[in-house]
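Colleague: My questions will all concern the structure given below.
The values are calculated or read from the model by the stated rules, or taken from the named source; none is laboratory data. Predicted, not measured: the structure shown is a model, and the values here were computed from it. So basically every Cβ, Gly included, is an ideal-geometry build from the backbone, and we count neighbours across all protein chains shown. Just so you know, the surface numbers come from the protein's heavy atoms only, side chains and all, with ligands and any DNA or RNA stripped out. Shrake-Rupley method; radii C 1.70, N 1.55, O 1.52, S 1.80 Å.
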Amino acid sequence: MSAGILLGLGLGAFFDGIVFHQLLQWHHMLSGWYPLNSIDNIRLNTTWDGIFHSAAYVLVLAGLYKLWQQARGSGLRWSRRRCVGTILLGWGIFNLVEGVIDHEILGLHRVNETVPDTQRIFWDIGFLLWGAAMIVVGAAMARAGAQENDHAEGSLQAR
């Protein structure tokens, strides 16, 4: 499970950074503290976006290493559902942790800073609900995948 969760954390961070920071340009890592109203603030935000992407890269590498380690052992029995489920779990955890800590507690940035201030909370709530939904669906898929593995192991032992 740890490999999938690490991969999900990293992929969730990459999605956030690539889609929200770069493509849509809704926010940057520190744009809640340092608005993009000067070259110095743009440079600072771009640097922290790069640090954020570097952390995402490390999470993905750690997930791949953990997966490789488990694959080398004889006990790896991982269904597609369990794989996707644990990745969704990790991605959902990323959204909830990042949404609560960065958006709400620290105020580093909001999900969509291009909308009026009164509408930003709705985007933040949507981000948290998206994360919660991924956790619920991911947990159900991972559980179903684990049960498939248990069933498959039971039938192999019966032979």
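Colleague: So which of 93, 105 ends up being modelled with pLDDT of 95 or more and either surrounded by fewer than 17 Cβ atoms within 10 Å (Cβ to Cβ) or touching an Asp or Glu at 6+ places or on another chain (Cβ under 6 Å) (or both)? Even if it seems obvious, please write down each step before you answer.
Modeller: Values: 93 fails: either surrounded by fewer than 17 Cβ atoms within 10 Å (Cβ to Cβ) or touching an Asp or Glu at 6+ places or on another chain (Cβ under 6 Å) (or both).
Answer to the check: 105.
Colleague: Kindly provide the set of residues from the stretch 33-51 that are open to solvent by less than 40 Å² (accessible area, probe 1.4 Å) and under 24 Å from the mean Cα position of the chain (by Cα), ordered by number. It would help to see each step written out before you state the result.
Modeller: Going through the stretch 33-51, the residues open to solvent by less than 40 Å² (accessible area, probe 1.4 Å) turn out to be 41, 45, 49-50.
Hits for the stretch 33-51 are 45, 49, 50.
Colleague: Counting only residues that are within 18 Å of the chain's Cα centre (by Cα) and either of a type in the set (Phe, Trp, Tyr) or open to solvent by less than 20 Å² (accessible area, probe 1.4 Å) (or both), how many does the stretch 108-128 have?
Modeller: We begin by selecting, within the stretch 108-128, every residue within 18 Å of the chain's Cα centre (by Cα); these are 108-112, 123-128.
Those still in the list that are either of a type in the set (Phe, Trp, Tyr) or open to solvent by less than 20 Å² (accessible area, probe 1.4 Å) (or both) too: 108-109, 111-112, 123-124, 127.
Going through the stretch 108-128 one residue at a time, the tally reaches 7.
Colleague: Right, next: Scan the stretch 110-124 for residues that are in a loop (DSSP other than H, G, I, E, B) and farther than 13 Å from residue 32 by Cα and jot them down. Give the steps one after another, and end with the answer.
Modeller: Looking only at the stretch 110-124, we keep the residues that are in a loop (DSSP other than H, G, I, E, B), and these are 110-116.
Residues satisfying the conditions are 115, 116.
Colleague: Tell me yes or no: at least one residue of the stretch 86-109 is under 20 Å from residue 22 (Cβ atoms), without any contact (Cβ under 8 Å) to a residue 12 or more places away in the chain and not in a helix (DSSP H, G or I).
Modeller: Pass one, the stretch 86-109, residues under 20 Å from residue 22 (Cβ atoms): 91, 94-95, 98-99, 102-103, 108-109.
Next, only the ones that are without any contact (Cβ under 8 Å) to a residue 12 or more places away in the chain stay: 102.
Applying the additional criterion that residues be not in a helix (DSSP H, G or I) yields none.
No, the stretch 86-109 has no match at all.
Colleague: Residues of the stretch 1-58 being in contact (Cβ under 8 Å) with a residue 40 or more places away in the chain, assigned to a helix (DSSP H, G or I) and closer than 14 Å to residue 109 by Cα, which ones?
Modeller: Scanning the stretch 1-58 gives 16, 20.
Colleague: Return the residues of the stretch 73-123 that are of a type in the set (D, E, K, R) and within 28 Å of residue 3 (Cα to Cα); say none if nothing qualifies. Working first, answer last.
Modeller: Residues of the stretch 73-123 that are of a type in the set (D, E, K, R), as a first pass: 77, 80-82, 98, 102, 104, 110, 113, 117, 120.
Within the stretch 73-123, 77, 80, 81, 82, 98, 102 meet the criteria.
Colleague: I'm checking my understanding of the structure. Among residues of the stretch 55-77 that are of a type in the set (S, T, N, Q) and under 18 Å from residue 90 (Cβ atoms), which one is surrounded by the fewest Cβ atoms within 10 Å (Cβ to Cβ)? Step through it out loud before you land on a result.
Modeller: Residues of the stretch 55-77 that are of a type in the set (S, T, N, Q), as a first pass: 69-70, 74.
From the residues that got through so far, the ones that are under 18 Å from residue 90 (Cβ atoms) too are 69-70.
Values: 69: 12, 70: 15.
For the stretch 55-77, the residue satisfying everything is 69.
Colleague: While we're looking at this one, here's another question. Any idea which of (1) out of contact with any Phe, Trp or Tyr (no Cβ under 8 Å at 6 or more places or on another chain); (2) farther than 23 Å from residue 144 by Cα is the one residue 64 doesn't satisfy?
Modeller: With respect to (1) out of contact with any Phe, Trp or Tyr (no Cβ under 8 Å at 6 or more places or on another chain); (2) farther than 23 Å from residue 144 by Cα, residue 64 is out only on (2).
Colleague: Has the stretch 129-138 got at least one residue that is in contact with a Lys or Arg (Cβ under 8 Å, 6 or more places away or on another chain) and either open to solvent by less than 70 Å² (accessible area, probe 1.4 Å) or modelled with pLDDT under 95 (or both)? Walk me through how you get there before you give the answer.
Modeller: Our first condition is that a residue be in contact with a Lys or Arg (Cβ under 8 Å, 6 or more places away or on another chain); within the stretch 129-138, this holds for none.
No, the stretch 129-138 contains no residue that is in contact with a Lys or Arg (Cβ under 8 Å, 6 or more places away or on another chain) and either open to solvent by less than 70 Å² (accessible area, probe 1.4 Å) or modelled with pLDDT under 95 (or both).
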